[in-house]
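Data block below; observations after.
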Amino acid sequence: MNGATAQADVLGILGREGVDLATRWVVPAVNSAAYRAIQMFRNYDGARSTFGDISVRAAGPNPDQVAVFAAEHSGHGGLTVVAINKQPATAAALELSVTNFPSLGVAQLWQFASNQPIARLADRGFTNTLAHTLPPQSITTFVFPGPPRLDRLEPVGQQQIRFELKGMRDLVYVTEASSDLRSWQPRATNLLASNTVPVVAGATNATEFWRARWVP
C-alpha cells in the first residue's frame with residue numbers, strides 16, 4: 001500500500017502542477033496496489049469515471065501525512081477530491097471544507113484500503129463540511145455533483161424539444177418547463193446512465209424556459 005499511496009501522490013502532484021506528459025515504466029500488474037491507485041484517478045467506479053480536468057486549490061495541514069488534491073470535471077460539472085492517508089498504522093480524521101462550489105449537498109465516496117478492491121461507500125449528505133475517517137495507507141475519492149446543465153436545446157417536430165442533459169451518472173434529474181419563470185411543470189424524469197444523455201421531451205408551441213433539477 002505504500003507504493004499505492006506514493007503512486008497516487010505523484011499523480012495528484014502532476015495534475016496540480018500542470019504537467020502535460022509523464023511516462024511510467026512499466027505498466028503495473030492488473031489489480032496490483034499501484035494499478036488500483038491509478039484507477040482512483042482514472043476509473044474509480046469501473047465505468048471510466050475520472051478525476052476532474054480543471055485543477056482547483058486544495059490544502060491540508062500536513063501533506064506528508066495526508067495529501068489532498070481537487071479538480072472540477074468539465075464534462076459533468078462535479079468536483080472531485082482525492083485524499084491520501086500516507087500513515088502506515090494511523091487512521092486520519094478528515095474534515096473536508098468545500099467552498100465556492102455550488103454543490104447539491106451530497107457526496108459519492110470510493111475508497112481503496114488494505115489492498116482490497118476499490119469499494120463504493122454510502123453516499124453522504126453535507127452542508128459545507130464533510131467529516132470522514134481515512135484508514136491507514138488508503139486513497140479515498142470524493143465526488144461532489146454540481147448543478148445539472150442543459151445543452152444544445154432545440155425544437156424537433158411539432159411539440160417536442162431535444163437537448164443534452166449533463167449531470168452526474170447514477171443520479172436522477174427532472175426537467176421542467178415554464179412560460180413565466182414562476183410556475184414550473186415537470187416534463188421528463190431521467191436516471192443518468194452516463195454524465196451526458198440525450199433527451200427528447202414534450203413541449204408547447206409557445207415560448208418556454210427550461211431547467212433541470214436534481215431529485216434526491
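The values are calculated or read from the model by the stated rules, or taken from the named source; none is laboratory data. Just so it is clear, the structure is predicted and the values come from calculations on it, not from any experiment. Ideal geometry is used to build each Cβ from the backbone, glycine not excepted, and the neighbour counts take in all protein chains shown. Ligands, DNA and RNA are stripped out before the accessible areas are found, and what is left, the full protein with its side chains, is counted by its heavy atoms. Shrake-Rupley method; radii C 1.70, N 1.55, O 1.52, S 1.80 Å.
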**OP:** Kindly establish whether Asn62 is on the phi > 0 side of the Ramachandran plot and surrounded by fewer than 20 Cβ atoms within 10 Å (Cβ to Cβ).
**Re:** no
**OP:** May I ask you to list pairs of residues, at least six apart or on different chains, whose Cβ atoms are under 6 Å apart, with the first in the range 203-216 being part of a loop (DSSP other than H, G, I, E, B) and the second being of a type outside the set (Ser, Thr, Tyr) and crowded, with 16+ Cβ neighbours inside 10 Å?
**Re:** Ala203/Ile161; Glu208/Ala177
**OP:** Could you check, for the range 69-79, whether at least one of its residues is closer than 30 Å to Glu164 by Cβ and open to solvent by 70 Å² or more (accessible area, probe 1.4 Å)?
**Re:** no
Subject >> Among the residues listed as Asn195, Asn190, the single one being in contact with a strand residue (DSSP E or B) (Cβ under 9 Å, 6 or more places away or on another chain), modelled with pLDDT under 85 and crowded, with 16+ Cβ neighbours inside 10 Å >> reply: Asn195
Subject >> Matching residues, the range 23-40, being under 11 Å from Ile139 (Cβ atoms) and of a type in the set (Val, Ile, Thr) >> reply: Ile38
**OP:** Test Ala122 against the criterion of being open to solvent by 70 Å² or more (accessible area, probe 1.4 Å) and more than 21 Å from Phe209 (Cα to Cα), and give yes or no.
**Re:** yes
**OP:** For the range 167-187, name all the residues that are open to solvent by 40 Å² or more (accessible area, probe 1.4 Å) and in contact with a Phe, Trp or Tyr (Cβ under 6 Å, 6 or more places away or on another chain).
**Re:** Leu181
Original post:
Cβ-Cβ below 6 Å, separation at least six or inter-chain, first residue in the range 136-150 and without any contact (Cβ under 8 Å) to a residue 12 or more places away in the chain, second open to solvent by less than 10 Å² (accessible area, probe 1.4 Å): which pairs?
Top reply: none
Original post:
Could you count how many residues in the range 45-59 are touching a Ser or Thr at 6+ places or on another chain (Cβ under 7 Å) and either open to solvent by 40 Å² or more (accessible area, probe 1.4 Å) or not small (Gly, Ala, Ser) (or both)?
Top reply: 3
**OP:** Pick out, from the range 11-125, the strands (runs of 3 or more DSSP E) lying fully within it that include 3 or more residues that are touching a residue at least 24 places away in the same chain (Cβ under 8 Å).
**Re:** 66-72, 79-85, 92-97, 106-113
Subject >> Subset of the range 125-166 [charged (D, E, K, R), surrounded by fewer than 19 Cβ atoms within 10 Å (Cβ to Cβ) and closer than 20 Å to Leu191 by Cβ] >> reply: Arg149, Asp151, Arg162, Glu164
